[in-house]
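The structure appears right after this line, and notes come after that.
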Amino acid sequence: MDADSYRNLEDIELRNPGALLSPMEVPMAKQIDLRGDNEIPVLLSRRAELYGRRAADKDEIDWINDQLTQKLGDADSARVAGGTLTRKRVKQRAHWRAEVTYLQLKFKPL
């Protein structure tokens, strides 16, 4: 772009800032002001903390599931202290997403 084109863009932006929005960028229909609500920062902080912990917990759960799967070997279930550990293949059919198949571990206490 040359200097004149930039000046024209600046003029458009100053006169009508929404003129450069693409059709995919739809402005929010309604926006409220919650800047005075003192509870919002606390809630957002707690939410961020839980999301971070969930990611760490997911990694640990995946590791535990891998260990249990290795211990099961080619068996579908095992009697363990306090109950039964089972593994089954779950197939989610494709509706809005692609079809997914995964192994599910369950513990059934006595």
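At a glance:
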{"read-out": "Residue count, the range 92-110 (criterion: loosely packed, with under 10 Cβ neighbours inside 10 Å and more than 21 Å from residue 63 (Cα to Cα))", "value": "9"}
{"read-out": "Pairs where the first residue, in the range 50-68, is under 18 Å from residue 103 (Cβ atoms) and the second is modelled with pLDDT under 90, C-beta under 7 Å, 6+ apart", "value": "65/105; 68/105"}
{"read-out": "Among residues of the range 90-110, those that are within 14 Å of residue 65 (Cα to Cα) and at pLDDT below 90, counted", "value": "5"}
{"read-out": "Boolean, residue 43 is under 27 Å from the mean Cα position of the chain (by Cα), surrounded by fewer than 10 Cβ atoms within 10 Å (Cβ to Cβ) and at pLDDT 60 or above", "value": "no"}
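The values are calculated or read from the model by the stated rules, or taken from the named source; none is laboratory data. Model, not experiment: these values are computed from the prediction. FYI the Cβ positions are ideal-geometry reconstructions off the backbone, even for glycines, and counts take in every protein chain you see.
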